[in-house]
Amino acid sequence: MSYKWRSNSRNKKAFAVVLTVAGMLYALISLVNHYLFKTYALDLGLYTHAMYDYTHFRVDDCSMFKAVPQSILSDHFDLYLIILSPLVYVFGSYTLLVVQIVAVLLGGWGVYKLIGLYSDDDRLPVMASGVFFLSFGIIHAIAFDYHSNVLTAMMLPWLMYFLKKGKFGLSTLFVVLFVIGKENMSLWLFFVAIGLMWDYRKDKRALWHLVGYAVFSMAYFFIVNVIVMPKLGGSGGGFARYSYLGDSYIQIAKTLVTHPKLTFKLLFTSTIGMEEFAGVKGYMGDMVSSTFANADYAGIKEEFYKCALATGLIFTILKPNYLFMLLPLIGQKMIACQPNFWGISFQYSVEFMPVLVVASFLVIIRLKKPLWRMMLSVSLLISIVLTTFYTVGVPKSKVFVDQLCVYQGRHYRQKDFDVRYAYELIRKIPDEASVCAAPRFVPHLAMRETIKDFSVMREVDTDYVLITDFYFGYERKGVLVLKNRAEYETVATDGTIYLLRRIEP
(Lines give C-alpha, C1' and ligand atoms only; values in the text may rest on other atoms or scores of the structure.)
Protein backbone atom coordinates (compact mmCIF):
# COMPACT_ATOMS: atom_id res chain seq x y z
CA MET A 1 0.00 0.00 0.00
CA SER A 2 1.26 3.50 -0.80
CA TYR A 3 0.00 6.96 0.00
CA LYS A 4 0.12 10.35 -1.63
CA TRP A 5 2.01 11.95 1.20
CA ARG A 6 2.81 15.62 1.66
CA SER A 7 4.87 16.69 4.61
CA ASN A 8 3.15 19.49 6.47
CA SER A 9 4.85 22.48 8.05
CA ARG A 10 5.13 20.86 11.46
CA ASN A 11 6.59 17.72 9.92
CA LYS A 12 9.17 19.71 7.98
CA LYS A 13 10.24 21.62 11.08
CA ALA A 14 10.64 18.39 13.03
CA PHE A 15 12.79 16.90 10.30
CA ALA A 16 14.84 20.11 10.06
CA VAL A 17 15.57 19.81 13.79
CA VAL A 18 16.57 16.14 13.42
CA LEU A 19 18.78 16.97 10.44
CA THR A 20 20.45 19.86 12.25
CA VAL A 21 21.13 17.83 15.38
CA ALA A 22 22.57 14.99 13.29
CA GLY A 23 24.80 17.40 11.37
CA MET A 24 26.10 18.94 14.60
CA LEU A 25 26.73 15.50 16.10
CA TYR A 26 28.65 14.31 13.04
CA ALA A 27 30.73 17.51 12.97
CA LEU A 28 31.59 17.06 16.64
CA ILE A 29 32.72 13.52 15.89
CA SER A 30 34.45 13.75 12.51
CA LEU A 31 35.76 17.30 12.20
CA VAL A 32 36.93 17.44 15.81
CA ASN A 33 38.75 14.15 15.32
CA HIS A 34 40.57 15.54 12.32
CA TYR A 35 41.52 18.80 14.00
CA LEU A 36 42.96 16.84 16.95
CA PHE A 37 44.96 14.49 14.71
CA LYS A 38 42.70 11.48 15.32
CA THR A 39 42.49 10.65 11.61
CA TYR A 40 45.10 8.61 9.81
CA ALA A 41 47.17 7.99 6.72
CA LEU A 42 45.02 4.97 5.93
CA ASP A 43 42.58 5.86 4.73
CA LEU A 44 41.95 9.62 4.89
CA GLY A 45 45.52 10.59 4.04
CA LEU A 46 45.66 8.22 1.08
CA TYR A 47 42.34 9.34 -0.39
CA THR A 48 43.10 13.03 0.09
CA HIS A 49 46.43 12.55 -1.67
CA ALA A 50 44.66 10.63 -4.45
CA MET A 51 42.34 13.59 -5.00
CA TYR A 52 45.32 15.94 -5.07
CA ASP A 53 46.91 13.73 -7.73
CA TYR A 54 43.69 13.67 -9.76
CA THR A 55 43.61 17.48 -9.80
CA HIS A 56 47.08 17.30 -11.37
CA PHE A 57 45.92 14.66 -13.89
CA ARG A 58 47.82 11.85 -12.19
CA VAL A 59 46.60 8.53 -10.82
CA ASP A 60 47.92 7.91 -7.33
CA ASP A 61 50.54 5.13 -7.22
CA CYS A 62 50.01 4.17 -3.56
CA SER A 63 53.65 5.06 -2.78
CA MET A 64 52.35 6.46 0.50
CA PHE A 65 52.18 2.93 1.88
CA LYS A 66 53.58 0.57 -0.77
CA ALA A 67 57.21 0.00 -1.72
CA VAL A 68 56.29 -1.01 -5.29
CA PRO A 69 54.15 1.53 -7.22
CA GLN A 70 50.59 0.38 -7.84
CA SER A 71 47.63 2.28 -9.28
CA ILE A 72 45.16 3.17 -6.56
CA LEU A 73 42.40 2.02 -8.91
CA SER A 74 43.85 -1.48 -8.83
CA ASP A 75 43.51 -1.48 -5.04
CA HIS A 76 39.98 -0.06 -4.92
CA PHE A 77 38.10 0.99 -8.06
CA ASP A 78 36.71 4.19 -6.56
CA LEU A 79 35.60 6.82 -9.08
CA TYR A 80 34.08 9.14 -6.47
CA LEU A 81 37.53 10.53 -5.69
CA ILE A 82 37.94 11.70 -9.28
CA ILE A 83 34.58 13.49 -9.19
CA LEU A 84 35.23 15.03 -5.79
CA SER A 85 38.87 15.99 -6.35
CA PRO A 86 38.34 19.72 -7.17
CA LEU A 87 36.85 20.20 -3.70
CA VAL A 88 40.28 19.81 -2.08
CA TYR A 89 40.95 23.41 -3.05
CA VAL A 90 37.85 24.48 -1.12
CA PHE A 91 37.97 22.37 2.05
CA GLY A 92 41.58 21.22 2.07
CA SER A 93 42.32 18.18 4.23
CA TYR A 94 38.76 18.28 5.61
CA THR A 95 37.23 17.73 2.15
CA LEU A 96 36.28 14.07 2.36
CA LEU A 97 35.04 14.38 5.92
CA VAL A 98 32.73 17.22 4.92
CA VAL A 99 31.55 15.26 1.88
CA GLN A 100 30.89 12.19 4.04
CA ILE A 101 28.83 14.16 6.56
CA VAL A 102 26.78 15.80 3.81
CA ALA A 103 26.26 12.42 2.13
CA VAL A 104 24.91 10.85 5.33
CA LEU A 105 22.58 13.79 5.92
CA LEU A 106 21.31 13.43 2.35
CA GLY A 107 20.91 9.69 2.91
CA GLY A 108 18.77 10.39 5.98
CA TRP A 109 16.73 12.84 3.93
CA GLY A 110 16.23 10.06 1.38
CA VAL A 111 14.94 7.76 4.15
CA TYR A 112 12.56 10.52 5.27
CA LYS A 113 11.24 11.02 1.73
CA LEU A 114 10.97 7.30 0.99
CA ILE A 115 9.01 6.40 4.13
CA GLY A 116 6.74 9.35 3.42
CA LEU A 117 5.69 7.68 0.17
CA TYR A 118 4.45 4.64 2.06
CA SER A 119 2.81 6.22 5.09
CA ASP A 120 -0.03 8.62 5.76
CA ASP A 121 1.36 9.19 9.29
CA ASP A 122 3.43 12.39 9.29
CA ARG A 123 5.45 11.27 12.28
CA LEU A 124 6.89 8.05 10.85
CA PRO A 125 9.21 9.62 8.23
CA VAL A 126 10.74 11.84 10.94
CA MET A 127 11.13 8.86 13.27
CA ALA A 128 12.74 6.83 10.47
CA SER A 129 15.31 9.53 9.76
CA GLY A 130 16.13 9.81 13.48
CA VAL A 131 16.61 6.05 13.75
CA PHE A 132 18.85 6.12 10.68
CA PHE A 133 21.01 9.02 11.88
CA LEU A 134 21.64 7.48 15.31
CA SER A 135 22.30 3.89 14.22
CA PHE A 136 25.65 2.42 15.24
CA GLY A 137 26.73 1.69 11.67
CA ILE A 138 26.46 5.38 10.78
CA ILE A 139 28.11 6.69 13.96
CA HIS A 140 31.11 4.36 13.73
CA ALA A 141 31.61 5.10 10.04
CA ILE A 142 31.61 8.86 10.69
CA ALA A 143 34.18 8.41 13.46
CA PHE A 144 36.75 6.59 11.35
CA ASP A 145 38.18 8.67 8.51
CA TYR A 146 36.41 8.60 5.11
CA HIS A 147 35.29 5.62 3.02
CA SER A 148 33.44 5.55 -0.27
CA ASN A 149 31.13 2.71 0.79
CA VAL A 150 29.52 5.26 3.14
CA LEU A 151 28.61 7.47 0.17
CA THR A 152 27.40 4.46 -1.80
CA ALA A 153 25.11 3.31 1.02
CA MET A 154 23.54 6.77 1.06
CA MET A 155 22.50 6.33 -2.58
CA LEU A 156 20.17 3.44 -1.75
CA PRO A 157 17.25 5.39 -0.19
CA TRP A 158 17.21 7.76 -3.17
CA LEU A 159 17.36 4.94 -5.69
CA MET A 160 14.38 3.34 -3.96
CA TYR A 161 12.59 6.68 -3.68
CA PHE A 162 12.79 7.53 -7.38
CA LEU A 163 11.91 3.96 -8.31
CA LYS A 164 8.79 4.20 -6.16
CA LYS A 165 7.94 7.56 -7.74
CA GLY A 166 8.30 6.06 -11.20
CA LYS A 167 11.09 8.49 -12.11
CA PHE A 168 13.24 5.90 -13.81
CA GLY A 169 15.72 8.35 -15.29
CA LEU A 170 16.71 9.51 -11.82
CA SER A 171 16.69 5.99 -10.39
CA THR A 172 19.04 4.95 -13.21
CA LEU A 173 21.32 7.87 -12.37
CA PHE A 174 21.55 6.62 -8.80
CA VAL A 175 22.28 3.11 -10.05
CA VAL A 176 25.30 4.49 -11.90
CA LEU A 177 26.38 6.51 -8.86
CA PHE A 178 25.94 3.37 -6.78
CA VAL A 179 28.27 1.13 -8.76
CA ILE A 180 31.13 3.61 -9.26
CA GLY A 181 31.73 3.97 -5.53
CA LYS A 182 33.76 0.79 -5.12
CA GLU A 183 34.43 -2.43 -6.97
CA ASN A 184 32.22 -4.54 -4.68
CA MET A 185 29.20 -2.22 -4.56
CA SER A 186 27.85 -3.48 -7.88
CA LEU A 187 27.55 -6.98 -6.40
CA TRP A 188 25.45 -5.56 -3.57
CA LEU A 189 23.31 -3.67 -6.09
CA PHE A 190 22.59 -6.93 -7.90
CA PHE A 191 21.05 -8.34 -4.72
CA VAL A 192 19.20 -5.08 -4.07
CA ALA A 193 17.66 -5.15 -7.56
CA ILE A 194 16.63 -8.80 -7.22
CA GLY A 195 15.17 -8.15 -3.78
CA LEU A 196 13.12 -5.17 -4.96
CA MET A 197 11.60 -7.21 -7.77
CA TRP A 198 9.21 -8.77 -5.26
CA ASP A 199 7.86 -5.36 -4.25
CA TYR A 200 7.35 -4.40 -7.91
CA ARG A 201 6.16 -7.75 -9.23
CA LYS A 202 2.87 -6.15 -10.41
CA ASP A 203 4.53 -3.07 -11.94
CA LYS A 204 5.93 -4.26 -15.27
CA ARG A 205 7.75 -1.04 -16.09
CA ALA A 206 9.54 -0.92 -12.75
CA LEU A 207 10.19 -4.64 -12.92
CA TRP A 208 11.94 -4.39 -16.27
CA HIS A 209 14.07 -1.53 -15.01
CA LEU A 210 15.09 -3.68 -12.04
CA VAL A 211 15.99 -6.53 -14.40
CA GLY A 212 18.16 -4.07 -16.32
CA TYR A 213 19.78 -2.83 -13.12
CA ALA A 214 20.56 -6.40 -12.05
CA VAL A 215 22.15 -7.28 -15.39
CA PHE A 216 24.09 -4.01 -15.52
CA SER A 217 25.40 -4.34 -11.96
CA MET A 218 26.60 -7.90 -12.42
CA ALA A 219 28.24 -7.04 -15.75
CA TYR A 220 29.95 -4.05 -14.13
CA PHE A 221 31.16 -6.24 -11.27
CA PHE A 222 32.83 -8.77 -13.55
CA ILE A 223 34.25 -6.21 -15.98
CA VAL A 224 35.84 -4.15 -13.22
CA ASN A 225 37.00 -7.01 -10.97
CA VAL A 226 37.98 -9.63 -13.54
CA ILE A 227 39.26 -7.47 -16.41
CA VAL A 228 39.98 -3.84 -15.50
CA MET A 229 41.59 -4.11 -12.06
CA PRO A 230 43.96 -6.96 -12.99
CA LYS A 231 44.99 -4.97 -16.07
CA LEU A 232 45.84 -2.07 -13.79
CA GLY A 233 48.24 -4.22 -11.82
CA GLY A 234 46.26 -5.92 -9.06
CA SER A 235 43.20 -7.90 -8.11
CA GLY A 236 42.09 -5.28 -5.62
CA GLY A 237 42.51 -4.87 -1.89
CA GLY A 238 39.03 -6.26 -1.42
CA PHE A 239 39.77 -9.53 -3.21
CA ALA A 240 42.78 -10.21 -0.97
CA ARG A 241 40.45 -10.58 2.02
CA TYR A 242 38.85 -13.66 0.46
CA SER A 243 41.72 -15.10 -1.57
CA TYR A 244 42.27 -17.83 1.05
CA LEU A 245 39.16 -19.46 -0.42
CA GLY A 246 40.28 -19.37 -4.04
CA ASP A 247 42.42 -17.66 -6.65
CA SER A 248 39.45 -16.10 -8.46
CA TYR A 249 35.92 -14.96 -7.69
CA ILE A 250 34.54 -18.03 -9.42
CA GLN A 251 36.77 -20.33 -7.36
CA ILE A 252 35.78 -18.53 -4.14
CA ALA A 253 32.09 -18.99 -4.97
CA LYS A 254 32.73 -22.66 -5.78
CA THR A 255 34.50 -23.22 -2.45
CA LEU A 256 31.65 -21.64 -0.50
CA VAL A 257 29.01 -23.65 -2.34
CA THR A 258 30.82 -26.98 -2.15
CA HIS A 259 31.80 -26.56 1.51
CA PRO A 260 28.53 -25.54 3.21
CA LYS A 261 29.84 -26.44 6.66
CA LEU A 262 32.77 -24.09 6.16
CA THR A 263 30.48 -21.34 4.86
CA PHE A 264 28.10 -21.66 7.80
CA LYS A 265 30.92 -21.55 10.34
CA LEU A 266 32.52 -18.54 8.67
CA LEU A 267 29.22 -16.64 8.88
CA PHE A 268 28.29 -17.42 12.45
CA THR A 269 31.24 -18.83 14.35
CA SER A 270 34.25 -17.19 15.92
CA THR A 271 37.74 -17.97 14.74
CA ILE A 272 38.17 -20.45 17.56
CA GLY A 273 37.95 -24.03 16.37
CA MET A 274 38.23 -23.23 12.65
CA GLU A 275 41.67 -24.83 12.18
CA GLU A 276 39.95 -27.98 10.88
CA PHE A 277 39.29 -26.17 7.62
CA ALA A 278 42.91 -25.12 7.03
CA GLY A 279 43.98 -26.46 3.66
CA VAL A 280 40.53 -26.65 2.03
CA LYS A 281 41.20 -27.00 -1.71
CA GLY A 282 44.77 -25.86 -0.97
CA TYR A 283 43.67 -22.30 -0.29
CA MET A 284 43.47 -22.16 3.52
CA GLY A 285 47.09 -21.44 4.39
CA ASP A 286 49.15 -20.18 7.30
CA MET A 287 47.50 -16.74 7.19
CA VAL A 288 44.09 -18.18 7.90
CA SER A 289 45.30 -20.73 10.44
CA SER A 290 47.08 -18.07 12.46
CA THR A 291 44.05 -15.79 12.27
CA PHE A 292 41.74 -18.58 13.40
CA ALA A 293 43.95 -19.26 16.42
CA ASN A 294 43.54 -15.77 17.85
CA ALA A 295 41.16 -15.90 20.79
CA ASP A 296 40.97 -12.10 21.09
CA TYR A 297 38.21 -12.01 18.48
CA ALA A 298 35.89 -14.51 20.13
CA GLY A 299 32.28 -13.33 20.18
CA ILE A 300 32.48 -10.31 17.90
CA LYS A 301 30.41 -11.91 15.13
CA GLU A 302 27.73 -12.75 17.67
CA GLU A 303 27.94 -9.18 18.96
CA PHE A 304 27.32 -7.75 15.49
CA TYR A 305 24.25 -9.92 14.93
CA LYS A 306 22.81 -8.92 18.31
CA CYS A 307 23.38 -5.23 17.59
CA ALA A 308 21.85 -5.65 14.12
CA LEU A 309 18.78 -7.29 15.62
CA ALA A 310 18.38 -4.34 17.99
CA THR A 311 18.82 -1.94 15.06
CA GLY A 312 15.97 -3.33 12.99
CA LEU A 313 17.00 -6.78 11.80
CA ILE A 314 14.27 -8.26 13.97
CA PHE A 315 11.70 -6.37 11.85
CA THR A 316 13.57 -7.04 8.61
CA ILE A 317 12.98 -10.77 9.13
CA LEU A 318 9.35 -9.99 8.24
CA LYS A 319 10.54 -8.56 4.89
CA PRO A 320 12.42 -11.57 3.41
CA ASN A 321 13.26 -9.75 0.19
CA TYR A 322 15.12 -7.15 2.25
CA LEU A 323 16.96 -9.93 4.07
CA PHE A 324 18.04 -11.11 0.62
CA MET A 325 19.61 -7.66 0.04
CA LEU A 326 21.77 -8.23 3.11
CA LEU A 327 23.31 -11.51 1.91
CA PRO A 328 26.35 -10.04 0.11
CA LEU A 329 26.92 -7.62 2.98
CA ILE A 330 26.95 -10.42 5.52
CA GLY A 331 29.14 -12.54 3.28
CA GLN A 332 31.77 -9.90 2.59
CA LYS A 333 31.82 -8.93 6.26
CA MET A 334 31.99 -12.32 7.95
CA ILE A 335 34.02 -14.28 5.39
CA ALA A 336 36.85 -11.74 5.22
CA CYS A 337 40.06 -13.13 6.67
CA GLN A 338 40.72 -10.04 8.83
CA PRO A 339 38.79 -10.17 12.13
CA ASN A 340 38.40 -6.38 12.31
CA PHE A 341 35.74 -6.71 9.58
CA TRP A 342 33.49 -8.94 11.65
CA GLY A 343 32.38 -6.64 14.43
CA ILE A 344 30.41 -3.45 14.93
CA SER A 345 33.29 -0.99 14.56
CA PHE A 346 34.78 1.16 11.80
CA GLN A 347 32.90 1.54 8.49
CA TYR A 348 32.10 -2.13 8.01
CA SER A 349 28.45 -1.95 9.07
CA VAL A 350 27.25 1.20 7.33
CA GLU A 351 25.66 -0.52 4.31
CA PHE A 352 23.32 -2.47 6.59
CA MET A 353 21.73 0.67 8.03
CA PRO A 354 19.54 1.91 5.14
CA VAL A 355 18.25 -1.61 4.51
CA LEU A 356 17.45 -2.30 8.17
CA VAL A 357 15.80 1.07 8.80
CA VAL A 358 13.69 1.13 5.64
CA ALA A 359 12.60 -2.50 6.07
CA SER A 360 11.71 -1.88 9.73
CA PHE A 361 9.47 1.05 8.97
CA LEU A 362 7.82 -0.71 6.05
CA VAL A 363 6.86 -3.41 8.53
CA ILE A 364 5.70 -0.88 11.14
CA ILE A 365 3.58 0.91 8.54
CA ARG A 366 1.55 -2.27 8.03
CA LEU A 367 0.02 -1.87 11.48
CA LYS A 368 -3.46 -0.42 11.30
CA LYS A 369 -3.59 1.47 14.59
CA PRO A 370 -1.52 4.70 14.78
CA LEU A 371 -0.81 4.05 18.47
CA TRP A 372 0.81 0.71 17.70
CA ARG A 373 2.88 2.26 14.91
CA MET A 374 4.11 5.01 17.19
CA MET A 375 4.86 2.64 20.07
CA LEU A 376 6.97 0.41 17.84
CA SER A 377 8.73 3.41 16.27
CA VAL A 378 9.60 4.86 19.66
CA SER A 379 10.73 1.44 20.90
CA LEU A 380 12.98 1.07 17.88
CA LEU A 381 14.44 4.54 18.42
CA ILE A 382 15.18 3.75 22.08
CA SER A 383 16.72 0.42 21.04
CA ILE A 384 18.89 2.21 18.46
CA VAL A 385 20.16 4.77 20.98
CA LEU A 386 20.94 2.14 23.62
CA THR A 387 22.67 -0.09 21.07
CA THR A 388 24.80 2.77 19.78
CA PHE A 389 25.81 3.72 23.31
CA TYR A 390 26.73 0.10 23.94
CA THR A 391 28.91 -0.05 20.82
CA VAL A 392 30.72 3.12 21.91
CA GLY A 393 31.15 2.22 25.56
CA VAL A 394 31.51 -1.49 26.26
CA PRO A 395 31.72 -3.57 23.06
CA LYS A 396 33.76 -6.71 22.51
CA SER A 397 34.94 -5.34 19.18
CA LYS A 398 37.87 -3.00 19.09
CA VAL A 399 36.78 0.63 18.94
CA PHE A 400 38.63 3.93 19.33
CA VAL A 401 36.55 5.37 22.14
CA ASP A 402 38.30 8.76 22.07
CA GLN A 403 37.05 9.24 18.51
CA LEU A 404 33.46 8.43 19.43
CA CYS A 405 32.61 9.68 22.91
CA VAL A 406 31.46 13.23 22.16
CA TYR A 407 29.83 13.29 25.60
CA GLN A 408 33.22 13.01 27.35
CA GLY A 409 36.06 15.51 27.67
CA ARG A 410 38.69 13.14 26.32
CA HIS A 411 37.10 13.34 22.89
CA TYR A 412 38.17 17.00 22.73
CA ARG A 413 41.78 16.41 23.81
CA GLN A 414 44.88 15.00 22.18
CA LYS A 415 46.67 13.18 24.97
CA ASP A 416 49.88 12.35 23.11
CA PHE A 417 51.18 15.78 22.06
CA ASP A 418 50.48 19.51 21.82
CA VAL A 419 48.06 20.07 18.92
CA ARG A 420 48.93 23.73 18.45
CA TYR A 421 52.64 22.92 18.28
CA ALA A 422 51.95 20.20 15.69
CA TYR A 423 50.22 22.73 13.44
CA GLU A 424 53.12 25.12 13.95
CA LEU A 425 55.56 22.48 12.70
CA ILE A 426 53.36 21.60 9.73
CA ARG A 427 53.39 25.26 8.67
CA LYS A 428 57.21 25.14 8.60
CA ILE A 429 57.23 22.48 5.87
CA PRO A 430 57.40 23.90 2.31
CA ASP A 431 54.51 22.89 0.05
CA GLU A 432 56.84 21.45 -2.58
CA ALA A 433 58.85 19.33 -0.11
CA SER A 434 58.52 15.55 0.12
CA VAL A 435 57.50 14.37 3.58
CA CYS A 436 57.43 11.18 5.58
CA ALA A 437 55.20 11.51 8.63
CA ALA A 438 53.58 9.58 11.45
CA PRO A 439 50.15 8.26 10.36
CA ARG A 440 48.10 10.87 12.22
CA PHE A 441 50.03 13.73 10.58
CA VAL A 442 49.73 12.39 7.03
CA PRO A 443 46.16 13.59 6.26
CA HIS A 444 47.19 17.16 7.10
CA LEU A 445 50.19 16.93 4.75
CA ALA A 446 48.59 14.98 1.91
CA MET A 447 48.22 17.85 -0.57
CA ARG A 448 51.70 17.60 -2.04
CA GLU A 449 53.39 15.47 -4.65
CA THR A 450 55.14 13.08 -2.25
CA ILE A 451 53.85 12.08 1.17
CA LYS A 452 54.67 8.79 2.93
CA ASP A 453 53.39 7.01 5.98
CA PHE A 454 56.32 6.49 8.36
CA SER A 455 54.70 3.49 10.03
CA VAL A 456 54.77 1.35 6.87
CA MET A 457 58.13 2.47 5.46
CA ARG A 458 61.26 0.35 5.57
CA GLU A 459 63.50 3.38 5.24
CA VAL A 460 63.14 7.13 4.90
CA ASP A 461 64.31 9.17 1.89
CA THR A 462 62.16 12.33 1.95
CA ASP A 463 63.09 15.99 2.42
CA TYR A 464 61.31 16.26 5.76
CA VAL A 465 60.24 13.89 8.52
CA LEU A 466 57.50 14.68 11.04
CA ILE A 467 57.16 12.13 13.83
CA THR A 468 56.62 11.79 17.54
CA ASP A 469 59.34 10.52 19.87
CA PHE A 470 57.73 7.04 19.75
CA TYR A 471 58.94 6.50 16.18
CA PHE A 472 62.66 7.04 16.79
CA GLY A 473 62.94 3.43 17.81
CA TYR A 474 60.38 2.16 15.30
CA GLU A 475 61.35 -1.04 13.49
CA ARG A 476 59.90 -2.94 10.53
CA LYS A 477 60.96 -6.54 10.05
CA GLY A 478 63.62 -6.02 12.72
CA VAL A 479 65.24 -3.07 10.93
CA LEU A 480 65.15 0.49 12.26
CA VAL A 481 63.16 2.65 9.83
CA LEU A 482 65.10 5.85 10.51
CA LYS A 483 68.42 4.08 10.23
CA ASN A 484 69.89 7.09 8.39
CA ARG A 485 69.12 9.46 11.27
CA ALA A 486 72.53 11.10 10.82
CA GLU A 487 71.39 12.45 7.44
CA TYR A 488 68.70 14.58 9.11
CA GLU A 489 68.90 17.63 11.30
CA THR A 490 66.29 18.70 13.83
CA VAL A 491 64.40 21.77 12.66
CA ALA A 492 62.20 22.04 15.75
CA THR A 493 60.96 19.92 18.64
CA ASP A 494 59.18 20.22 21.95
CA GLY A 495 60.55 16.88 23.10
CA THR A 496 57.46 15.03 21.89
CA ILE A 497 57.07 15.97 18.21
CA TYR A 498 60.11 16.24 15.96
CA LEU A 499 60.45 17.97 12.60
CA LEU A 500 63.54 16.75 10.80
CA ARG A 501 65.06 18.02 7.55
CA ARG A 502 67.49 16.19 5.29
CA ILE A 503 70.95 17.74 5.46
CA GLU A 504 72.01 18.98 2.05
CA PRO A 505 75.30 17.39 0.90
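The values are calculated or read from the model by the stated rules, or taken from the named source; none is laboratory data. These figures come from a predicted structure and were not determined experimentally. Using ideal geometry, Cβ is built from the backbone for each residue, glycine included, and neighbour counts are taken over all protein chains shown.
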TODO: Would you check which residues across region 418-459 are at pLDDT below 95 and β-branched (Val, Ile, Thr) and list them?
DONE: 456
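Look at residue 86 and say whether it is closer than 25 Å to residue 174 by Cβ and crowded, with 24+ Cβ neighbours inside 10 Å.
The answer is no for residue 86.
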- [ ] Tell me, yes or no, whether region 333-356 has at least one residue that is touching a residue at least 12 places away in the same chain (Cβ under 8 Å) and surrounded by fewer than 17 Cβ atoms within 10 Å (Cβ to Cβ).
- [x] yes
Open item on the list: Restricting to region 18-63, and then to whatever is within 15 Å of residue 146 (Cβ to Cβ) and not in a helix (DSSP H, G or I), can you tell me which residue is farthest from the chain's Cα centre (by Cα)?
Closed with: 60
Open item on the list: Please verify whether residue 463 is of a type in the set (Asp, Glu) and either touching a residue at least 40 places away in the same chain (Cβ under 8 Å) or surrounded by 13 or more Cβ atoms within 10 Å (Cβ to Cβ) (or both), treating the condition exactly as stated.
Closed with: yes
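Within region 213-225, track down each residue that is of a type in the set (Gly, Ala, Ser) and touching a residue at least 12 places away in the same chain (Cβ under 8 Å).
214, 217
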Task: Residues of region 172-217 that turn out to be β-branched (Val, Ile, Thr) and over 27 Å from residue 228 (Cβ atoms), as a count - done: 0
Task: Sole exception among (1) touching an Asp or Glu at 6+ places or on another chain (Cβ under 6 Å); (2) surrounded by fewer than 16 Cβ atoms within 10 Å (Cβ to Cβ); (3) modelled with pLDDT of 95 or more for residue 50, by number - done: (2)
- [ ] Need at least 2 residues that are under 31 Å from the mean Cα position of the chain (by Cα) per element, so show me which strands (runs of 3 or more DSSP E) inside region 396-505 make the cut, counting only ones lying wholly within it.
- [x] 435-437, 451-453, 464-468
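Pull up region 165-204, narrow it to residues that are of a type in the set (S, T, N, Q) and touching a Gly at 6+ places or on another chain (Cβ under 9 Å), then point me to the one that is nearest to residue 106 (Cα to Cα).
In this case the residue turns out to be 172.
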- [ ] State yes or no: is residue 404 surrounded by 13 or more Cβ atoms within 10 Å (Cβ to Cβ), in contact with a strand residue (DSSP E or B) (Cβ under 7 Å, 6 or more places away or on another chain), on the phi < 0 side of the Ramachandran plot and not acidic (Asp, Glu)?
- [x] no
Open item on the list: Can you pull out every residue in region 151-187 that is more than 17 Å from residue 216 (Cβ to Cβ) and crowded, with 24+ Cβ neighbours inside 10 Å?
Closed with: 151, 153, 154, 157
Task: Near pairs, Cβ below 9 angstrom, 6+ apart or cross-chain, from region 364-384 (more than 17 Å from residue 136 (Cα to Cα)) to any residue that is at pLDDT 95 or above and part of a loop (DSSP other than H, G, I, E, B) - done: 366/318
Task: region 199-226 - residue that is closer than 20 Å to residue 73 by Cβ and among the small types (Gly, Ala, Ser) and, of those, surrounded by the most Cβ atoms within 10 Å (Cβ to Cβ) - done: 217
Task: Number of positions in region 67-78 that are surrounded by 16 or more Cβ atoms within 10 Å (Cβ to Cβ) and part of a loop (DSSP other than H, G, I, E, B) - done: 5
Open item on the list: So if I check each of 386, 380, which one is in the same structural domain as residue 24 (by TED's automatic domain parsing), under 21 Å from residue 315 (Cα atoms), hydrophobic (A, V, I, L, M, F, W, C) and surrounded by fewer than 17 Cβ atoms within 10 Å (Cβ to Cβ)?
Closed with: 386
Open item on the list: Considering only residues that are over 22 Å from residue 444 (Cβ atoms), aliphatic (A, V, I, L, M) and in contact with a Ser or Thr (Cβ under 7 Å, 6 or more places away or on another chain), which ones fall in region 74-111?
Closed with: 111
Task: Out of 163, 151, sole residue that is of a type outside the set (Gly, Ala, Ser) and closer than 13 Å to residue 213 by Cβ - done: 163
Open item on the list: I'd like to check something: does region 189-198 contain any residue that is within 25 Å of residue 346 (Cα to Cα), buried (at least 23 other Cβ atoms within 10 Å of the Cβ), touching a residue at least 12 places away in the same chain (Cβ under 8 Å) and touching a Ser or Thr at 6+ places or on another chain (Cβ under 9 Å)?
Closed with: yes
Task: Only one of 439, 443 that is surrounded by 15 or more Cβ atoms within 10 Å (Cβ to Cβ), touching a residue at least 12 places away in the same chain (Cβ under 8 Å), out of contact with any His (no Cβ under 8 Å at 6 or more places or on another chain) and closer than 30 Å to residue 85 by Cα - done: 439
